[in-house]
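Right, one structure below, let's go through it.
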Amino acid sequence: MTAKITHWLDDRLGLSAIRELAAHKTVPVHSATRWYYFGGITLFLFGIQVVTGTLLLFYYRPTVAEGFDSVRFIMTRVEFGWLIRSIHSWSANLLIFAAFVHMFSVVFTHAYRRPRELTWASGIILLGLMLGFGFSGYLLPWNQISYFATKVGADVAGSTPVIGPAIARILRGGNDVGAPTLTRFFALHVMVLPMITAALVALHVILVQKNGMSTPPWIPPSRVRQMKFFPNFFLREVMVWYGALAVLGALAAIFPWELGEKADPFASAPKGIRPEWYFLAQFYTLKLIPSHVGFIEGELLGLAGFGVVAVAWALLPVWGVNRAGEARTRLVTGAGIFLAVYLVVFTILGYVK
Amino acid sequence: MTPDECSGQCKQCTNNGENRRTMLSWLLGGGALASMVSFLYPVIRFLNPPLVTEAAVNEASGGKVQDLKPNSGKIVRFGSKPALLVRVSDTEWKAFSAVCTHLNCTVQYRDSTQQIWCACHNGTYDMNGRVVSGPPPNPLEEYAVNIRGDEVVVSKRA
């Protein structure tokens, strides 16, 4: 009976091709294999975001009048609502952390080389999208902290030369953060960003599938064993996912995400206001730059700097390899360490100061 | 049993290996199933909407007397549900639950036939709330109407 059903489905869906693919896919085994798991962890956490985000949509109301109260209703009245919301917030943060680890692992194992330039570029765009999710989702509970963080964030975007004011107006849906902003951020957070992300995740994963896993250049090909992807690597990956889920569940249950106070546009900004940790390094850098450097406005200079670094980073597969297509390991590793240290130190400084 | 010991008694060994594999498969499958259940349970409970207690309403305002002409009706709020207030004549007032007993539509007063009519499936009720024609299975609940000064008050019958 089971065989009959399988055969019927196979005839129509071509399952055997997928099975064939799974049977032949392998993963290289070497000293850096463990870093392969972080892409999977990021994907898993994204799946959690999709599920918990969809659940939150059943109760959330995206208006200034009801947004905050609907989140409070979720957290206080709906069964397991506190857990779902807390997991959504924690998972968002772990997801961005995992994405950063994944990115740096690709840098330090020099996996951006030919033929994986597009995989790298799509990954960098995905990281940007994740930051966009974080920024837009932060405002949705419409609490005091998120309200002011969004005011500042939109203002920063607004100081981009030439197009800045237009971007800020489009982001806010007006000249100030208010009811139109909430609607816009909601549309971005639950429709626009998810659609773009879904397409890019598909591309990213298909490219990984097509080009296989990269082996670091310092490991001689003769020394690399292959592990079957299914079931050997897959089961290990699932075990790692369970581990990530355990961490997530523990964080969500022991440190439930706070809701804070309802946003009041006519109250002063609360003391110690600062953005989410993944924007802290940039936030602190902007604080350090004097208001004017020569004839240029300090903030403008900082933003231009971030822009240049981001573009250069996205172009890593171009400047990170020599004519023969081999990785410039010293240069790239140096740049990677420099960026990682900068991010860590400035994030900590942003917290402390 | 080590592989060396195995060579002499292959059959039993293979059987042992198969038994172990079967058991591991069951443990793996059972574990996966159990975790699925533990994920789905909170989700199902989450989707079940919490009871929102609504204050029980026994009385609602039907507006001013002079706002409603004789032989006309209007919908008034009765708690969270609509009620139909009808001024049959200068002095005679009637009020009913405006929720059609068929499929929950909101009924209206028809001055041409002097009946209560539901537009959804052509159900009609008379001015006592009884079904005249169409699919409604039950009569409409009738409310009491009192005039206080120039205000019309609709209330549940005791």
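Here are some conditions: (1) farther than 30 Å from A:GLY325 by Cα; (2) aromatic (Phe, Trp, Tyr); (3) more than 14 Å from chain B (Cβ to nearest Cβ); (4) in a loop (DSSP other than H, G, I, E, B). A:TYR112 meets all but one. Which one does it not meet?
(1)
Tell me, which residue of region A:26-35 that is over 13 Å from A:ILE219 (Cβ atoms) and in contact with a helix residue (DSSP H, G or I) (Cβ under 8 Å, 6 or more places away or on another chain) is surrounded by the most Cβ atoms within 10 Å (Cβ to Cβ)?
Taking region A:26-35 as the starting set, the residues that turn out to be over 13 Å from A:ILE219 (Cβ atoms) are A:26-27, A:34.
The next check asks that each one be in contact with a helix residue (DSSP H, G or I) (Cβ under 8 Å, 6 or more places away or on another chain); those that pass are A:26-27.
Working: A:THR26: 16, A:VAL27: 19.
For region A:26-35, the residue satisfying everything is A:VAL27.
Looking only at region B:48-66, decide whether some residue is without any contact (Cβ under 8 Å) to a residue 12 or more places away in the chain, among the charged types (D, E, K, R) and in the same structural domain as B:TRP117 (by TED's automatic domain parsing).
Checked against the condition, which is being without any contact (Cβ under 8 Å) to a residue 12 or more places away in the chain, among the charged types (D, E, K, R) and in the same structural domain as B:TRP117 (by TED's automatic domain parsing), region B:48-66 yields no hits at all.
Among the residues of region A:49-86, write down those that are more than 10 Å from chain B (Cβ to nearest Cβ), not in a helix (DSSP H, G or I) and not charged (D, E, K, R).
Listed by number, the residues that qualify are A:TYR60, A:PRO62, A:THR63, A:VAL64, A:ALA65.
Please count how many residues of region B:49-69 are surrounded by 11 or more Cβ atoms within 10 Å (Cβ to Cβ) and facing another protein chain (nearest Cβ under 9 Å).
Qualifying residue count for the region: 2.
Scan A:ALA281, A:ALA246, A:ALA250, A:ALA310 and give me the residue that is modelled with pLDDT of 90 or more, in a helix (DSSP H, G or I) and touching a helix residue (DSSP H, G or I) at 6+ places or on another chain (Cβ under 6 Å). Show your work before the answer.
On the way: A:ALA246 fails: touching a helix residue (DSSP H, G or I) at 6+ places or on another chain (Cβ under 6 Å); A:ALA250 fails: touching a helix residue (DSSP H, G or I) at 6+ places or on another chain (Cβ under 6 Å); A:ALA310 fails: touching a helix residue (DSSP H, G or I) at 6+ places or on another chain (Cβ under 6 Å).
Just one listed residue meets the conditions, A:ALA281.
How do the strands (runs of 3 or more DSSP E) wholly within region B:78-158 filter down when requiring 1 or more residues that are touching a helix residue (DSSP H, G or I) at 6+ places or on another chain (Cβ under 9 Å) and among the charged types (D, E, K, R): which remain?
B:81-87, B:151-155
The values are calculated or read from the model by the stated rules, or taken from the named source; none is laboratory data. Given the structure is predicted, the values throughout are model-derived calculations rather than measurements. Reconstructed Cβ throughout: ideal geometry from the backbone, glycine too, with neighbour counts over all protein chains shown.
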